[in-house]
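What follows is a set of notes on a single structure, which appears directly below.
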Amino acid sequence: MEHSDQPLDSGMAPQSQTEDRLRITENIRLYWREASQWGMFFSILGFTYIGILITGIMLFGGYRVPGYSIVTLLLLGGIVFIPTWLMFQFGQNIRKALRDNDTAAASMGFTSLRRLYQLIGILVVFLLFLYVFLFLLGLLMVGSDI
C-alpha cells in the first residue's frame, strides 16, 4: 500500500469551471426542436378549434340560440385560447433560439412553457374541486329522494 498518507482525491484532476455549466448537446437541440414542433402543431390545432368555434357562434348566433349558450362557447374559446397562445409562444421562441443561438428567446420560450404548466395545474385543481362538489351535490340529491 503505497502513499497511504495522500488525500482520497489526490489522483483526480481538478475540475474546470466549464464542467459546472450547462452544455447544450446536439441531442438536447434535437429534443428542443421536436418539442417546439409539437408545440406549434398543438397551437395550430387550438387556433383552428377557436376559429371553428367563433364561426359557429357567428353562424348560429342569429337562430334564437339561448344567450347562455353563446356565453358558454365564448368562455370555452377564451379558456382554450390561453394555453394555445402559450404553446405557440413556446414553439416560436424555441425555434428562434435554436436558429439564432438566442439565449433570450430560449428563456422566453421556457417561460411560456412554465406558464402553460402552471395554467394546466390550476385548471386540474379547479376541475378536481368541481368534481368533488358535483359528487357531493349528487349525494345530497340522492339522499333527499330517499
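Read-outs: derived from the displayed coordinates by stated rules, not from any lab. Since this is a predicted model, take the numbers as computed values, not measurements. Here Cβ is always computed from backbone atoms with ideal geometry, including for glycine, and neighbour counts include all displayed protein chains.
What's the extension gain from Y49 to Q37 if we count 0.36 nm per residue and subtract their Cα-Cα distance? Mind dumping the intermediate values first?
Numbers: separation 12, 0.36 × 12 = 4.32 nm, distance 1.83 nm.
Full-extension gain reported as 2.5 nm.
Over all directions, average the projected area of the Cα convex hull of the range 25-118 and note it in nm². Walk me through the intermediate numbers first.
Numbers: hull surface 26.5 nm².
About 6.6 nm², averaged over all directions.
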_the range 75-110 residues near the modelled I28 label - backbone nitrogen below 20 Å, point 7 Å along Cα→Cβ_ = 90-110
*In sequence order, what are the phi-derived ³J(HN,Hα) couplings for the range 29-46 according to the Karplus relation 6.51 cos²θ - 1.76 cosθ + 1.60 with θ = phi - 60°, rounded to whole Hz, with x for glycine and proline?*
4, 5, 5, 5, 5, 5, 5, 5, 5, 5, x, 5, 4, 5, 5, 5, 4, x
*For the range 127-132, take each phi angle, set θ = phi - 60°, evaluate the Karplus expression 6.51 cos²θ - 1.76 cosθ + 1.60, and give the result in whole Hz per residue in order, putting x for glycine and proline.*
5, 4, 5, 5, 4, 4
*Using packing as a proxy for protection, rank 120-126, 76-82 so that the peptide with the highest average count of other Cβ atoms within 10 Å comes first.*
76-82, 120-126
